[in-house]
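The structure appears below as structure tokens.
The values are calculated or read from the model by the stated rules, or taken from the named source; none is laboratory data. Quick caveat, the model's predicted, so the values are computed rather than measured. Accessible surface is based on the protein model in full, side chains and every heavy atom, while ligands, DNA and RNA are left aside. Shrake-Rupley method; radii C 1.70, N 1.55, O 1.52, S 1.80 Å.
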Amino acid sequence: RSYLTTGFNPDDFDLRLGFTVSYWVRPDEVGNTMFAFGRKHNANQRFTYGINTAKAIYVGVGGERIRTTWVNMGATTNPQLADLFNASNELKTGNFIHFAATYADRTEVGDQVAHKIYINGELVRTTNLNWSQQGGGTGGMFIGARNLVGDYNNGWKCALSHLAIFDKEQSSAYIQDIYNAGRTGTDFTGQGGLVGYWKFNKGNGTTVT
């Protein structure tokens, strides 16, 4: 039940108009409904990434939930990713994995745009979504769990590193470069569009700097 509370609210940057998330996670357990980070105000106002089960991802954006299995995304048969899964198509523990997602830039809400999911630089899922509503008074997202209307919800026993959030869509080449650089090979400080960044390598006591 270790998690980080933040003041980061996606509404402050209107990520409905485009975003990118990038983070490294080392699963120490894999089970049902475990969140790397996120917040949920109601069923139409989500911003959450994690796993749904050992065999499936979980992504919540606006009113949409993506709970596709690794098999159906083609991850388990991708030669670049197959080693991340066991013979039962479950995510293995103990390995740092790079996850990223992009949501296409747009000028106003209303139209569906592409939401892309990457694992270790490989594009595994594209879904068209329309994130239309903002998130109410729930407040900032949690890291290592989800902020559910102000309460801790569905934490994930894991290690996290270099979680970066941008208010624009990054290219597939950019995502590939992050993965190729390695877990500590990219410092996002000062990059254009960066609105949230947690390195998890500084801080004292219960504070992450």
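List of remarks:
- Set of lysines near K202 by C-alpha distance (under 18 Å), chain-local residues within fewer than 8 positions excluded: none
- Accessible carbon and sulfur surface of the chain relative to its total accessible area, %, 1.4 Å: 39 percent
- Prolate/oblate/rounded call for the range 1-123, Cα gyration tensor, a/c under 1.5 rounded: prolate
- Rounded to the nearest 500, the 222 nm mean residue ellipticity of the chain from helices alone is -1500 deg cm²/dmol, with -39,500 (n - 2.57) taken per DSSP H run of at least 4 residues.
- In plain terms, the chain from N42 to K157 could stretch by 38.9 nm, reckoned as 0.36 nm per residue minus the Cα-Cα distance.
- Rounded to whole Å, the principal axis extents of the Cα atoms in the range 57-124 read 43, 20, 20, largest first.
- Å³ per residue enclosed by the Cα convex hull of the range 93-209: 145 Å³
- The equivalent ellipsoid of the range 26-89 has semi-axes of 24, 12, 9 Å, largest first, where each one is the square root of 5 times an eigenvalue of the Cα gyration tensor.
- Here the Debye sum runs over all C-alpha atoms of the chain as equal scatterers in vacuum, and log10 of I(q)/I(0) at q = 0.08, 0.12, 0.19 Å⁻¹ comes out as -0.24, -0.56, -1.60.
- Spatially proximal lysines relative to K40 (Cα-Cα < 25 Å; intrachain offsets below 8 disregarded): K55, K116, K157, K168, K199
- In summary, the convex hull built on the alpha carbon positions of the range 137-187 has an orientation-averaged projected area of 4.9 nm².
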